[in-house]
Amino acid sequence: MRFWIWVLLLGAAVSPARAVERPRAARPSPSVKAVAPTAKSVSPSRPPATGKRLATKTAPPEFTRDVLPVLKQHCFTCHSGATNMPKAGLRLDRKAALEALIDRAKPHESRLVARVKDPSSSSRMPPEGFGRALNERELNVLQGWLRAGAQMGSWTEARHDRYEDYQPAPKQPVELDQAARRIDELVEARLKKAGLKPNAGIDDATFLRRTYLQTIGRIPTAAEATEFLQSRDPQRRARLIDSLIGSEGYVSHLFNFWADALRAKSDLDHGRSGDLYLWWIKDSVRRNMPYDQFVRRLIQSKGTLWEDPAVSYYFRDPGNRLATVEATASVFLGTNIGCAQCHNDPYDVWTRKDYWQLAAFFTPASPYFPREQTFQHIKWDEVEKQRDELRRENERQRRNWNHPEVDRATTAWQSNQKLLGRIVRSDKFYPSLPADYQYGDGKPKQGIQPQVLFGAKRDVPNTGEAVDILAEWLASPKNPRFTLTIANRMWSFTMGAPLVGKVTDIGPLEESSNPELARYLIQTMIDVDYDLQKFQRILLRTQTWQRAAYEGEVAAHLPYYFPGPVLRRMSAEQTWDSLLTLVVADLDRAGQSQRPDYSLYAKLQAAKSTDDYWKVIGEIIDSGQGYLSTFVQGQALRHEIRAVGFRKEDLVRASELTSPSFDGHFLRQFGQSDRELIDASWSNPTTPQALTMLNGPLFPLITADDSALARQASGATPREQVRLVYLALLCREPSAAETELVLSRLGSDGPRLWKSLAWSLLNTRQFLFVN
């Protein structure tokens with residue numbers, strides 16, 4: 001009962017009747033009260049940060065500046081040359097079409113506004129499901145322009161050109177603090193233009209916790225928090241950022257980020273393991289491989305799993321080449337082309353021919369090696385014949401499924417699948433349009449050449465060299481989407497919301513909430529040579545990132561001007577790793593993965609006889625990689641996870657566990673992606689999550705005598721325990737009032753006081769949110 005009373009009291013003190021705490025304002029002292037301020041992050045006298053810029057009151061709306069953006073956002077999707085099939089044949093991107101809808105005698109009754117004026121009408125435009133109705137401000141802009149005479153000047157037609165090659169400025173050396181100040185200038189200028197103010201700066205305690213979670217994906221330990229909060233170094237914030245970025249914890253956190261985007265899995269199906277792929281992603285982050293090189297390595301990869309682990313990029317969707325095509329466009333180009341697989345995209349410029357010309361690049365990258373060429377010295381048929389005989393003999397003898405002969409036969413099958421898994425590029429290939437192709441720019445089954453999606457066209461031969469041309473175009477600074485996409489992804493990862501469109505479907509740069517800032521980020525990414533560590537150091541140095549979090553809703557259809565980063569809940573991986581920080585000392589070094597050893601499979605490929613082949617199969621079984629050992633272990637692991645939520649032997653960072661974790665694991669319960677869709681992690685609260693935090697099996701480990709937190713609390717006075725737990729969980733000193741409240745309520749618990757307090761703080765929103 002004491003626990004429940006304490007949680008209710010503390011919950012009321014921290015965040016009365018709110019879903020999340022309000023961001024705390026900066027204070028001169030690291031001591032911060034638990035009671036959240038009642039003032040809004042954004043001045044209540046101003047419009048919300050998601051509102052659009054208001055039209056000038058002293059002058060009528062201007063067509064290109066004020067009216068055209070409204071039409072583009074609400075009408076061009078269905079009624080313009082941006083779509084291949086304009087609805088009702090109406091193109092509102094042309095002056096003549098607009099003139100036909102304007103009644104200059106009675107402008108307020110013009111057909112142009114009649115269908116958008118009443119949002120409740122069943123015939124309103126845009127229709128339900130095709131976009132939101134025009135808001136009051138947008139209607140005022142449209143009607144004000146009509147009343148002023150509906151002048152369009154020299155404008156005759158909106159352009160819907162395909163993206164041309166980007167022309168970056170000559171590279172310049174990048175000074176981190178200077179680049180951060182420029183970002184702040186551009187953010188503040190846009191806020192001012194929208195009539196908004198930036199949020200207040202955060203104190204050191206909030207900065208500390210936010211920085212650890214952002215860079216290495218866990219909260220700091222009490223010792224790490226104490227060291228930073230007691231520092232008087234004027235450069236302590238920049239030094240902390242630099243010490244964390246590039247650390248082993250950083251590798252773990254960035255791996256989770258990329259595994260979610262690339263849908264990287266431990267099991268790639270068809271008997272192929274993804275363990276080398278996962279290792280390669282971590283190793284690329286650890287070595288800070290420039291992002292453009294990282295992408296080229298993925299696209300150009302070839303050979304076996306153990307020769308080039310990046311080939312697993314093509315094994316992610318074995319037998320589904322088009323899934324790889326669409327994932328490549330989404331992740332690396334921020335472009336959704338899936339609709340154009342079957343028909344011209346009615347909502348974008350992509351045609352079906354565009355799609356299949358891009359897909360042609362992937363035709364020669366077959367993930368299946370010819371069986372007859374798998375072994376260097378023996379025939380595939382001989383091995384398969386002996387393997388089948390083992391299985392038949394077991395059936396004749398009616399032996400158990402776990403008999404050694406079944407283990408040998410099934411281990412052989414799994415091993416053969418690994419040997420078949422390699423990328424071989426055809427010397428010559430013949431891509432063609434699909435048999436049901438229905439447009440006049442091509443014929444069914446007509447041969448085509450690979451072609452890039454946008455930018456300057458390439459002369460692409462139908463040979464294995466096509467993939468090299470694809471990689472060069474894809475990761476080029478001149479590609480108009482490549483640099484913008486990764487800059488937008490890293491901005492969203494840091495600030496909590498994308499700057500342009502969606503992370504995987506960014507749309508035109510001009511539609512960004514801050515186009516000038518987007519252009520600056522593009523050039524900065526090019527100037528740092530796609531060094532993501534350096535780019536992150538710049539973002540984290542900005543005042544924009546070091547401001548109080550914005551607690552409002554960031555609506556997808558409205559611009560967000562970044563008065564501060566968006567208030568977010570911890571990801572599943574951040575929650576797991578943060579809890580383990582209280583259990584395992586030196587967590588970042590625990591369970592570091594080594595490169596998986598595939599030497600036995602290379603040896604199997606080089607076997608000189610079938611006797612040698614079966615000898616190597618025996619070595620694989622003896623090494624613990626055989627079918628029975630891995631199957632039995634996997635079944636036991638699944639059973640334990642279903643019962644407990646994790647295995648006590650696996651108290652390592654999320655990056656070191658099976659990817660993704662098995663169903664029922666703590667990570668899956670708290671929103672870890674199943675790695676079937678791009679960026680599919682989620683953070684919605686659920687009742688099982690609350691019950692896990694209240695009564696789950698992790699808390700006994702946190703309070704066990706040998707936990708990291710218990711060793712620090714051992715022998716401490718009650719007052720010292722209060723300070724320790726606040727530092728360990730919330731990364732700040734408790735206020736005097738909080739200390740006295742805890743001692744008055746829990747003082748009688750004596751040596752167990754820290755356990756009661758830890759349980760209470762873990763169940764507050766202050767713990768689960770990245771403020």
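More than 24 Å from Arg569 (Cβ to Cβ) and part of a helix (DSSP H, G or I): is that true of Val725 in this structure?
no
One line per residue, one yes/no per condition, for (1) surrounded by 15 or more Cβ atoms within 10 Å (Cβ to Cβ); (2) touching a helix residue (DSSP H, G or I) at 6+ places or on another chain (Cβ under 7 Å); (3) among the acidic types (Asp, Glu):
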{"residue": "Arg537", "(1), (2), (3)": "yes, yes, no"}
{"residue": "Ala548", "(1), (2), (3)": "yes, no, no"}
{"residue": "Tyr561", "(1), (2), (3)": "yes, yes, no"}
{"residue": "Gly564", "(1), (2), (3)": "yes, no, no"}
{"residue": "Glu573", "(1), (2), (3)": "yes, yes, yes"}
{"residue": "Thr581", "(1), (2), (3)": "yes, yes, no"}
{"residue": "Arg589", "(1), (2), (3)": "no, yes, no"}
{"residue": "Ile620", "(1), (2), (3)": "yes, yes, no"}
{"residue": "Val632", "(1), (2), (3)": "no, no, no"}
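Applying the criterion of being crowded, with 16+ Cβ neighbours inside 10 Å and small (Gly, Ala, Ser) to the residues of region 434-470, the residue that is modelled with the lowest pLDDT is Gly464. Looking at Arg595, Arg569, just one residue is within 30 Å of Val187 (Cβ to Cβ), surrounded by fewer than 22 Cβ atoms within 10 Å (Cβ to Cβ), out of contact with any Pro (no Cβ under 6 Å at 6 or more places or on another chain) and not aromatic (Phe, Trp, Tyr), and that residue is Arg569. For Glu372, indicate whether it is farther than 15 Å from Tyr613 by Cβ and modelled with pLDDT of 80 or more. Considered against the rule, which asks whether it is farther than 15 Å from Tyr613 by Cβ and modelled with pLDDT of 80 or more, Glu372 comes out as yes. Taking the criterion of being free of Cβ contacts under 8 Å to residues at least 60 places away in the same chain, crowded, with 23+ Cβ neighbours inside 10 Å and in contact with a strand residue (DSSP E or B) (Cβ under 8 Å, 6 or more places away or on another chain), the only residue of region 721-735 that qualifies is Tyr726.
Pairs linking a residue in region 694-720 that is within 22 Å of Phe666 (Cα to Cα) to a residue that is open to solvent by 80 Å² or more (accessible area, probe 1.4 Å) and assigned to a loop (DSSP other than H, G, I, E, B), with Cβ atoms under 9 Å and 6 or more positions apart or on different chains, are Ala708/Asp586.
Confirm whether Glu656 is more than 30 Å from Glu389 (Cβ to Cβ), open to solvent by 60 Å² or more (accessible area, probe 1.4 Å) and in contact (Cβ under 8 Å) with a residue 60 or more places away in the chain. Before you say what the answer is, go through the steps one by one.
Numbers: more than 30 Å from Glu389 (Cβ to Cβ): yes; open to solvent by 60 Å² or more (accessible area, probe 1.4 Å): no; in contact (Cβ under 8 Å) with a residue 60 or more places away in the chain: yes.
No, not satisfied.
I'm told Asn416 meets every condition in (1) open to solvent by 10 Å² or more (accessible area, probe 1.4 Å); (2) closer than 30 Å to Leu628 by Cα; (3) outside any strand (DSSP E or B) except one. Can you identify the failing condition by its number? Here Asn416 meets the rest and fails (1). For region 736-746, the condition holds for no residue, the condition being that it is open to solvent by 10 Å² or more (accessible area, probe 1.4 Å), outside any helix (DSSP H, G or I) and hydroxyl-bearing (Ser, Thr, Tyr). When the helices (runs of 4 or more DSSP H) confined to region 218-326 are screened for residues that are of a type in the set (D, E, K, R) and in contact (Cβ under 8 Å) with a residue 40 or more places away in the chain, those reaching at least 1 such residues are found at 236-244, 248-262, 275-286, 291-300. Among the candidates Glu62, Glu157, Glu99, the residue that is within 23 Å of Pro515 (Cα to Cα), modelled with pLDDT of 85 or more, open to solvent by 60 Å² or more (accessible area, probe 1.4 Å) and not β-branched (Val, Ile, Thr) is uniquely Glu62. Annotation: Ser366 fulfils all but one of (1) outside any helix (DSSP H, G or I); (2) modelled with pLDDT of 90 or more; (3) open to solvent by 30 Å² or more (accessible area, probe 1.4 Å); (4) more than 20 Å from Leu604 (Cα to Cα); the unmet one is (2).
The values are calculated or read from the model by the stated rules, or taken from the named source; none is laboratory data. Just so we're clear, the structure is a prediction, and the values are computed from it rather than from any experiment. Quick reminder, even Gly has a Cβ in these numbers, built from the backbone with ideal geometry, and neighbours come from all protein chains shown. Side chains are part of the model used for accessible areas, which takes the heavy atoms of the whole protein and leaves out ligands, DNA and RNA. Shrake-Rupley method; radii C 1.70, N 1.55, O 1.52, S 1.80 Å.
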